[in-house]
Structures are given as structure tokens and as C-alpha cells.
Amino acid sequence: MTTVALLVRPPEPGTVLDRLVDSGAVTAEEAADLYAAMARDVATAVRASGADLLVNYLPANVEDPTEPAEDEESLAAVRSMLAPALDDPDAPRYEVQVGSTLSARVGNTVTHLLDREAVQSAAVVRPSAPLVQRRIIDSAAMKLRQSEVVLGPATDGRVSYAAFTEPVDFADAFAQPAVETLTDRGRDAGLDVDFLETLPVAETSGGFATLVSQLRARRRADLWVPPHTAGAIEDIGLVATATEDGLAVGRD
């Protein structure tokens with residue numbers, strides 16, 4: 001069975017989806033609401049799959065990210081954020097993230113799960129990938145039977161999902177383009193690497209515009225959409241518009 005670590009932080013305005021705020025796509029308050037909605041959809045997908053959900057949270061105020069202390073206020077905020085999506089908010093395990101960078105935090109989590117807890121496979125996902133749904137998580141688990149590293153390619157060379165049955169060298173492993181860097185680390189360790197379908201992630205203005213466009217198109221076609229994320233985008237009134245450089249997010 002795969003343990004999937006959902007890497008989150010408390011949805012405080014000014015601390016989440018900062019690139020989208022800087023681009024003018026959303027306000028800081030809207031970004032916080034959108035982040036919470038995406039986190040709920042990803043948590044729902046993991047819980048619906050055959051995987052175990054580990055909520056790996058980053059405390060709001062950390063003096064030393066390499067040795068963070070439990071933060072009851074941050075934990076309460078994360079629990080409250082995910083509660084609307086979970087039948088039992090206490091069912092997932094909640095642990096503090098450890099590490100000064102994303103690569104370090106992912107590496108610490110995956111290595112701990114594989115080496116210390118001896119899980120069969122470990123994966124990481126973030127709220128910015130709300131189109132990661134049950135079938136994708138289950139597909140990754142199937143691919144992990146043949147390959148030690150399974151990646152979900154995403155917009156802008158990023159990854160929507162990363163799963164492992166063996167640790168790799170995680171130092172700067174999420175350096176862009178992360179899909180290539182993580183592949184290189186897997187192959188350098190003598191491991192097989194496989195891929196999932198490509199999904200947009202809301203980590204850049206371009207990735208966010210692609211996500212908005214796909215959600216609106218899927219809803220129009222009466223296909224599945226992540227309900228919390230789609231609802232937040234509709235409430236804000238976001239649309240994807242064409243520009244000379246591609247897509248941008250505007251308002252209805």
C-alpha cells in the first residue's frame with residue numbers, strides 16, 4: 001500500500017499561492033480560499049484511493065525548519081481546512097514537515113516512510129494539483145510494481161505527483177524542470193522511472209490559467225471536476241483568456 005503525503009500549510013492570506021497573487025490573478029484572500037479548496041479535493045482523492053493519507057503540514061511560524069516544533073495553532077488550522085472534505089478529520093495522520101526547502105522536506109518525508117516505517121511505497125502531492133484524482137493515485141500504485149519512481153508530469157516542467165519505492169538523492173531534486181531532475185535522480189540511482197498523464201498545477205500563472213480553462217471545459221462537457229476547486233473558481237469568477245504569450249486568468 002502507498003502512503004501519500006499531502007504537503008500543506010495553514011491557508012493564511014499572503015502565505016499561499018504567492019505567484020498567483022503577484023501575477024494579479026487573485027487577491028491574497030482569494031488565494032487562501034482557493035488553496036483550501038484545492039487541498040480538500042486532493043485529500044478527498046487520496047482517501048478515496050487505496051492509499052493511506054499522511055497530512056504533512058508546515059507550521060506558520062518556524063524558527064528552525066530543520067527542527068520544527070509541533071504547532072497546535074497551525075495544526076488546528078490545517079485540520080479545519082480539510083474537515084469539510086473528510087468523513088473523519090481524525091482519520092489521517094498529521095505530522096510536521098522537516099526541512100529548509102521543498103526538496104529537503106520531500107526527501108525527509110519519503111526517506112522516513114520508506115526506511116523507518118518500511119512502507120511499500122511513498123508519494124507526495126500538493127494542493128496545487130487538484131486534478132489528481134483517485135484513478136491517478138491507483139494508476140501510480142500499479143506502475144510502482146514495475147518501476148521504482150513514478151512521476152506525474154505537469155505544466156511548466158513541474159510535477160503533480162511523485163511516488164517512490166526506493167529513495168533517491170533528494171538534494172535540489174525539485175529544481176526546475178522538476179520532471180527532468182527527478183527522472184535524472186532516479187536513473188542515477190539505477191532505478192526505473194515511469195510517468196502518469198500530464199496535469200496542470202496552479203504553481204505559476206500559466207499553469208493556473210490552464211487549470212481554470214480545463215475545469216471550465218470539463219464542467220461544460222458534464223465531466224468530473226474537483227468540486228471544491230471548481231466551486232471556488234466559479235465563486236471568484238475566474239476565466240482563462242488568450243494573450244499574446246498564451247493564457248492568462250481574468251474575471252467574468
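The values are calculated or read from the model by the stated rules, or taken from the named source; none is laboratory data. All values derive from a computational prediction rather than experimental measurement. Note that we place each Cβ from the backbone using ideal geometry, even for glycine, and neighbour counts take in every protein chain shown. Side chains are part of the model used for accessible areas, which takes the heavy atoms of the whole protein and leaves out ligands, DNA and RNA. Shrake-Rupley method; radii C 1.70, N 1.55, O 1.52, S 1.80 Å.
Taking the Cα atoms of the chain, report the difference between the largest and smallest coordinate on each principal axis, in whole Å and largest first.
49, 38, 32
With each run of n ≥ 4 DSSP H residues scored as -39500 (n - 2.57), what mean residue ellipticity at 222 nm is computed for the chain after dividing by its residue count and rounding to the nearest 500 deg cm²/dmol?
Theoretical 222 nm ellipticity from helices: -11500 deg cm²/dmol.
Asp115 to Glu244: FRET efficiency via 1/(1 + (r/R0)^6), r the Cβ-Cβ distance, R0 51 Å, to the nearest 0.05?
Details: r = 49 Å, r/R0 = 0.97.
Once rounded, the FRET efficiency stands at 0.55.
Give the accessible surface of the stretch 95-252 per residue, rounded to a whole number of Å², with probe radius 1.4 Å and ligands, DNA and RNA excluded.
Values: 7280 Å² over 158 residues.
That works out to 46 Å² for each residue.
Tally Lys/Arg at +1 and Asp/Glu at -1 over every other residue whose Cβ is under 13 Å from the Cβ of Phe208; what's the total?
Details: positive: Arg19, Arg158, Arg216; negative: Asp18, Asp22, Glu30, Asp156, Glu203.
That sum, taken over residues with Cβ under 13 Å, equals -2.
From the phi of every residue in the stretch 132-149, what ³J(HN,Hα) in whole Hz does the Karplus formula 6.51 cos²θ - 1.76 cosθ + 1.60 yield, where θ is phi - 60° and glycine or proline is x?
Karplus-based 3J(HN,Hα) across the stretch 132-149 equals 6, 10, 3, 5, 6, 5, 5, 5, 4, 4, 5, 5, 5, 6, 10, 10, 7, 10 Hz.
Carbon and sulfur atoms: what percent of the 1.4 Å accessible area of the stretch 179-252 do they account for? Don't skip to the end; give the middle numbers.
Numbers: 1760 of 3990 Å².
Looking at the stretch 179-252 in its full context, I get 44 percent from C and S.
Which of Ala51, Ala217, Ala91 sits farthest toward the positive end of the charge dipole of the chain, with +1 on the Cβ of Lys and Arg and -1 on the Cβ of Asp and Glu?
Projecting each Cα onto the dipole axis, the largest value belongs to Ala217.
On each of the three principal axes of the Cα atoms of the stretch 1-129, give max minus min coordinate, whole Å, ordered largest first.
The principal-axis extents, from largest down, are 43, 34, 26 Å.
How far apart, in nm, are the 7 Å Cα→Cβ label points at Met142 and Thr15?
Distance between the two pseudo-spin positions: 4.0 nm.
Rounded to a whole number, what % of the accessible area of the stretch 1-108 do carbon and sulfur atoms account for, probe 1.4 Å? Please report the intermediate quantities before stating the final value.
Working: 2080 of 4710 Å².
Roughly 44 percent of what the probe reaches on the stretch 1-108 is carbon or sulfur.
What is the spin-label model distance, in nm, from Glu234 to Arg135 if the labels are put 7 Å beyond Cα along the C-beta direction?
2.1
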